[in-house]
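Just so it is clear, none of the values below were taken in a lab; they were calculated from the coordinates. A quick note: this is a predicted structure, and the numbers were derived from the prediction, not measured. Cβ: placed from backbone, ideal geometry, glycine included. Neighbour counts: every protein chain shown.
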Amino acid sequence: MRIVFTKDYEEMSLHAAKIVAGQLYLKPNSVLGLATGSTPLAMYRELIRMNRENGLDFSETVTFNLDEYIGLGQEDENSYYYYMYHNFFNHINIRQSNIHIPSGLPENVEEECQKYDDLIAQSGGIDLQILGIGQNGHIGFNEPDIKFEATTHMVKLDDDTIKANARFFATVEEVPIHALSMGIKTIMHARKILLLANGAAKAEALFRTLYGGITPETPASILQLHQDVTVIVEEEAARLL
Ligand code: GLP
């Protein structure tokens, strides 16, 4: 693992955007795995700027999002679908048909998960996967568990995660209890992985991820076994490293 220490959120985000841009300059039809949450927001802003001002081209780029809340439709402001279009896709020259996000209202959960994994496989697998990290060490919505889940699956969210994500909702009761998430095997099959972490609340999870035992109790710890992970951290998240 490469660990890049940056001074603050802006520098972390800029560094991440440059890596994504580098990937797309080398391979314009790259398959990107994308994350939501507050962490990658400034990275998306910088990529939008590069698209407008520096000719960074997304016209051939294919994307797969990590996860989606079950029960939230595309127009719901708290759905990850809404987040992605609002914060990124609406502002770049990506083709709608190249965007993939698990459905929050699947008719059949198993079929939706299988379809999502099939689509990832058909597009040749993920070239560069962007990850944030939950305060409990989750990646995507792979919550601490007694085993690693391999493929796209339905998750019951941890109370910790529901509490942490309640800040985006009017009340904690509105936070969905279930989500669909890409699995650990799919994430680990990505050719390159970029993990971003900022803020003191992530310090402990990050320490366990990088230096603790590899265990499904800290899902992100599996990344120690990947051959090409870059972790970009700012000062507060790096406090324990
Ligand atoms: C969310 C998402 C993750 C994200 C993480 C951290 O619940 N499912 O993909 O990386 O939690 O979120 P944030 O960046 O807001 O701290």
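Structure above, values below:
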read-out	value
Mean ellipticity per residue at 222 nm, deg cm²/dmol - from DSSP H runs of n ≥ 4 across the chain, formula -39500 (n - 2.57)	-9000 deg cm²/dmol
Of Asn90, Asn108, Asn198, the one that fluctuates the most in a GNM where the chain has Cα springs shorter than 10 Å	Asn108
Among Asn136, Asn93, Asn65, residue whose mean-square fluctuation peaks in a GNM of the chain (springs only between Cα atoms under 10 Å)	Asn93
Residue with peak Gaussian network fluctuation, the chain [Cα springs, cutoff 10 Å], from Glu112, Glu11, Glu75	Glu75
Charge dipole of the chain about the Cα centre (unit charges at C-beta), most positive-ward option of Ile184, Asn98, Ile19	Ile19
Residue order, fewest to most beta carbons within 10 Å, for Asp118, Asp57	Asp118, Asp57
For the chain, fraction of C-alpha pairs farther apart than 34 Å, in %	8
Out-of-range pairs (alpha-carbon distance over 23 Å; input Lys7/Lys163; Lys115/Lys163; Lys18/Lys185; Lys115/Lys156)	Lys7/Lys163; Lys115/Lys163; Lys18/Lys185
Burial ordering of Thr218, Thr152, fewest other beta-carbon atoms within 10 Å first	Thr218, Thr152
